[in-house]
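Bear in mind these aren't lab numbers, they're just calculated from the coordinates by the rules spelled out. No experiment lies behind these values; they were computed from the predicted model shown. Don't worry about glycine lacking a Cβ; one is built from the backbone with ideal geometry, like all the others, and counts go over all protein chains shown.
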Amino acid sequence: MKFAELTAGRRISLGPLAVDEGEVLAFAGKYDSQWFHTDPERAADGPFQGLIASGWHTCAMAMSLIASEVLADSESFASPGLAYVRWPNPVRPGDSLTLELEVLEQRVSDSRPSLGIVRWQWMMKRQGGAVVLDLEATSMFRLGEEGRS
């Protein structure tokens, strides 16, 4: 999608995305090796009563959907960061995830008219509707003449 299409109030639904145990273990083994992400037997007796995906893996899965379905072929080039990130419920192998995006703000920078800014909320849910990721991101877009119209 182009910057011009990401107008305030726009809602976009993406997914579903299936969560694979092998990917949960591989991601955690490389990037977040806490036992409740890497050891299914120990995790079964832990506070989550089973293996759960790293919150950072959950973010990566959301980013994968957005990169391929929304930002591909756009003018997007960077993000200065997140206002917040929350993981209110765990993601487990076998879950089916959907991502709901809401554009909160779209504007052209006052000081750099070649820069478009989108502030949006990403909310990922698993089957049944439980929220597993809630974040607010800011994305930057490089604009040409067509992007500013």
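Exactly one of these conditions fails for Gly116: (1) in contact with a strand residue (DSSP E or B) (Cβ under 8 Å, 6 or more places away or on another chain); (2) buried (at least 16 other Cβ atoms within 10 Å of the Cβ); (3) more than 23 Å from Phe3 (Cβ to Cβ). Give me its number.
Every condition holds for Gly116 apart from (3).
Taking region 76-131, which residues are assigned to a strand (DSSP E or B), over 14 Å from the mean Cα position of the chain (by Cα), over 17 Å from Ser64 (Cα atoms) and touching a residue at least 60 places away in the same chain (Cβ under 8 Å)?
Pro80, Leu104, Glu105, Gln106, Gly116, Val118
Do the conditions hold for Leu143, that is, is it over 16 Å from the mean Cα position of the chain (by Cα), of a type in the set (A, V, I, L, M, F, W, C) and closer than 18 Å to Ala4 by Cα?
In short, yes.
Can you tell me which residues in region 30-51 are of a type in the set (Lys, Arg) and more than 21 Å from the chain's Cα centre (by Cα)?
Arg42
Between a residue in region 53-73 that is of a type in the set (Asp, Glu) and any residue that is crowded, with 17+ Cβ neighbours inside 10 Å, which pairs come within a Cβ distance under 6 Å, given they are 6 or more apart or on different chains?
If the second residue must be crowded, with 17+ Cβ neighbours inside 10 Å, the pairs left are Glu69/Leu14.
Among the residues of region 1-45, write down those that are surrounded by 15 or more Cβ atoms within 10 Å (Cβ to Cβ) and assigned to a loop (DSSP other than H, G, I, E, B).
Across region 1-45, the qualifying residues are Met1, Leu6, Arg10, Val19, Asp32, Asp39.
Kindly provide the set of residues from region 85-108 that are surrounded by 20 or more Cβ atoms within 10 Å (Cβ to Cβ) and touching a Lys or Arg at 6+ places or on another chain (Cβ under 6 Å), ordered by number.
Correct list: Asp95, Leu97.
What number of residues within region 35-59 satisfy the criterion of being out of contact with any helix residue (DSSP H, G or I) (no Cβ under 7 Å at 6 or more places or on another chain) and under 20 Å from Gln121 (Cβ atoms)?
So the count comes out to 3.
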